[in-house]
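The values are calculated or read from the model by the stated rules, or taken from the named source; none is laboratory data. Computed from a predicted model, the values in this text were never measured in an experiment. Every residue, glycine as well, gets a Cβ built from its backbone with ideal geometry; the counts of neighbours run over all protein chains shown.
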Amino acid sequence: MKGTVHYANMTPSELENVRARFDALFGEKVEYDFVLTPELKGGFIAHIGGKTFDMSISSRLNAVRERMTYPDDPSMNAETFAKVLSERTGAFKFDHDVFDYGTVVSSGDGIIHVKDLPGRRYGELLTLADGGVALALEVSDNEVGAAVLFGQTSVGERVSATERVLDIPVGDELLGRIISPTGEPLDGRPSPVCHARRPIEYPAPGIMDRKAVSRPLQTGLLSIDSMIPIGRGQRELIIGDRQTGKTTIAVDTILNQHDQDVVCVYCAIGQKASAVAEVVSTLREKDAMRYTIVINSPASDSAAMQYIAPYAACAVAEYFMYSGRDVLVVYDDLSKHAVAYRAMSLLLHRPPGREAYPGDVFYLHSRLLERGAQLSSELGGGSMTALPIVETMAGDISAYIPTNVISITDGQIFLESELFHSGMRPAVNVGLSVSRVGRSAQKAAMRKVTGTLRLDLAQYREMSVFLQFGAEVDSSTAAMLERGVRKSELLKQPKHDPYSLADEVCLLLAAENGVFASVAAEDVADRARRLLRRLHAVCPDELKAVSARGDIDEEIKSRLLSEMRKVMRRLSR
């Protein structure tokens, strides 16, 4: 058996002791090649029999640096630092860190294959020769396939096992920060000093650890809160072609949590840097970064970094959920995530299936989205609401990835290109959108005033097709079309301007009671805004009562309707 020992600042007698101890450890005489390596600062690193024995001072110093931030840490003075350093790097003993190591047999496109590294597990971190890190994704008895997260390696170089899985720092210290999927800062500020870490892969809560979704998560978007309500702990898919407002809906939902005590995590996967910068700029402008964490893996990142990004975001969100808090996490978007995973899988020589995706692409997203839940009271009652985004091609929701994610989630919000280009924004297609949680996660006030909104819109969009051909309609159909067009106009909403619950209730109450019946369709949106301004001026107590209780009684309803009719008469003169 042969071995290589890199050493520094060791006497001949200490080296002889190392030789004797390794001979005894392996039960045979080892042929050693001793190499003086001053960079180790002391001690040795030995490579023998497929294992690495690390007893170097440099490794101990690195371990100390990872655990403290002296001199930036005010709690760590020079005396304490020296004491800890002495304990970590004390007199030479034959206590060592042992690592298995293998040899790179192929390397390219961010994927390496390593032989002679048995006993590894899926998701384990591997250390490259230059200090970089790779993630084990293909494990067999005689070879490991891994994706390089950072660093470089070439054929013939050693790769060491760490017996650790990838984790990320978590905690309130991340609020307001922009970080990478590995926890590195991307906002030009110092690294966040977090006191906890979580593995990016973690089992989803079991059935008995959950309870029914019953509390609403208000998006501030009238069309969604009224017809496709989202509950805390729900997984609601946002799906549509590119440039139809998918990210805008997610960002508006984040903006609407400013007074809802909800922590938000926005995960950008494979997006252009300019697009992410625009989102961050909006969040800062609206003072939403104080309760938001942005995890960004841009299009310039490797496929491996884009692959781990949503799992890292989920781990950050899980910290708050298991702390008994409510958290909203946005995955923007899972289409690019699936493409990154497909690229890695093909390079790992996995057999391709439909659309060249690997056979486990369903599990790729199901194990991510199933981690979103409303926890039971015994586990603190926290919740994680997931808003995954998926991009379609030409409105085809029957494609592979869209159908996969639709079957995993608790409903979908479908955005249609034709509606978007016709000026209907948000361009929600009511017929194809659904919330499987339904009205159980809707405020009582919203349930009382929604009325026949969804039915009226569906009938209007169905009948409006016939009007394009000049068909004649009877009086009842004409009245239905008049109601439908006004309700459609009422649902139009400027981006980044979410409504409060009280505002939504007032608008729906007005629509159901014909307040806008005498208003021209093109003037409905302007009259609605002026109506809300007037109500905030003359009925503040009633609006506060609706927001506080989440309900509306007949007395408040009659006062609001009376005032709204007065306002509309005044505006009609």
Exercise. Kindly indicate whether Ala317 is within 24 Å of Asp241 (Cβ to Cβ) and either out of contact with any Phe, Trp or Tyr (no Cβ under 9 Å at 6 or more places or on another chain) or modelled with pLDDT of 95 or more (or both).
Key: no
Quiz item: Using beta carbons and a limit of 9 Å, which pairs, at least six apart or on different chains, have the first residue in the stretch 343-356 and surrounded by fewer than 15 Cβ atoms within 10 Å (Cβ to Cβ) and the second one at pLDDT 90 or above and among the basic types (Lys, Arg)?
Solution: Pro352/Arg342; Glu355/Arg342; Ala356/Arg342
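Being at pLDDT below 90, aliphatic (A, V, I, L, M), at negative phi and part of a helix (DSSP H, G or I) narrows it down to one of Val519, Val485, Val449, so name that one. Step through it out loud before you land on a result.
Numbers: Val519 fails: part of a helix (DSSP H, G or I); Val449 fails: at pLDDT below 90.
Within the list Val519, Val485, Val449, the selection yields Val485.
Working carefully through the options Leu481, Leu491, find the one that is buried (at least 22 other Cβ atoms within 10 Å of the Cβ) and under 27 Å from Ser572 (Cβ atoms).
Working: Leu481 fails: buried (at least 22 other Cβ atoms within 10 Å of the Cβ).
Sole residue among the options that is buried (at least 22 other Cβ atoms within 10 Å of the Cβ) and under 27 Å from Ser572 (Cβ atoms): Leu491.
Conditions (1) on the phi > 0 side of the Ramachandran plot; (2) part of a loop (DSSP other than H, G, I, E, B); (3) touching a residue at least 24 places away in the same chain (Cβ under 8 Å); (4) among the basic types (Lys, Arg), marked per residue:
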residue	(1), (2), (3), (4)
Arg290	no, no, yes, yes
Ala309	no, no, yes, no
Ala313	no, no, yes, no
Val330	no, no, yes, no
Val339	no, no, yes, no
Leu368	no, no, yes, no
Gly381	yes, yes, yes, no
Thr385	no, no, yes, no
Ile389	no, no, yes, no
Self-check item: Long-range neighbours under 6 Å by Cβ, at least six apart or interchain, first residue without any contact (Cβ under 8 Å) to a residue 40 or more places away in the chain within the stretch 217-230, second among the hydroxyl-bearing types (Ser, Thr, Tyr) and surrounded by fewer than 24 Cβ atoms within 10 Å (Cβ to Cβ)
Solution: none
Quiz item: How about the stretch 1-40: which of its residues are surrounded by 14 or more Cβ atoms within 10 Å (Cβ to Cβ), in contact with a helix residue (DSSP H, G or I) (Cβ under 7 Å, 6 or more places away or on another chain) and farther than 21 Å from Pro118 by Cβ?
Solution: Val5, His6, Tyr7, Ala8, Tyr32, Phe34, Leu40
Practice problem: Scan (1) under 30 Å from Lys448 (Cα atoms); (2) surrounded by 21 or more Cβ atoms within 10 Å (Cβ to Cβ); (3) at pLDDT 95 or above for the single condition Ser223 breaks and write down its number. | Solution: (3)
Practice problem: Working carefully through the options Thr253, Thr182, Thr244, find the one that is closer than 18 Å to Ile389 by Cα, in contact with a Leu (Cβ under 9 Å, 6 or more places away or on another chain), in a loop (DSSP other than H, G, I, E, B) and not aromatic (Phe, Trp, Tyr). | Solution: Thr244
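Looking for whichever is modelled with pLDDT of 85 or more, touching a helix residue (DSSP H, G or I) at 6+ places or on another chain (Cβ under 9 Å), on the phi > 0 side of the Ramachandran plot and of a type outside the set (D, E, K, R) here; the options are Gly43, Gly110. Which one fits? Even if it seems obvious, please write down each step before you answer.
Numbers: Gly43 fails: modelled with pLDDT of 85 or more.
Within the list Gly43, Gly110, the selection yields Gly110.
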Practice problem: Could you tell me whether any residue of the stretch 210-223 is touching a helix residue (DSSP H, G or I) at 6+ places or on another chain (Cβ under 9 Å) and part of a helix (DSSP H, G or I)? | Solution: yes
Quiz item: Counting just the residues of the stretch 507-555 that are within 17 Å of Glu482 (Cα to Cα) and polar (S, T, N, Q), which one comes out surrounded by the most Cβ atoms within 10 Å (Cβ to Cβ)?
Solution: Asn513
Quiz prompt | Checklist (1) over 13 Å from the mean Cα position of the chain (by Cα); (2) over 15 Å from Gln271 (Cβ atoms); (3) free of Cβ contacts under 8 Å to residues at least 60 places away in the same chain applied to Ala299, failing item | solution = (2)
Quiz item: Is it the case that Asp503 is more than 19 Å from Met446 (Cβ to Cβ) and either acidic (Asp, Glu) or part of a loop (DSSP other than H, G, I, E, B) (or both)?
Solution: no
Quiz item: Of the numbered conditions (1) within 29 Å of the chain's Cα centre (by Cα); (2) outside any helix (DSSP H, G or I); (3) over 19 Å from Asp241 (Cβ atoms), Glu472 satisfies every one except a single condition; which is it?
Solution: (1)
Quiz item: Only one of Ser323, Ser302, Ser335 is surrounded by fewer than 17 Cβ atoms within 10 Å (Cβ to Cβ) and in the same structural domain as Ile401 (by TED's automatic domain parsing); which?
Solution: Ser323
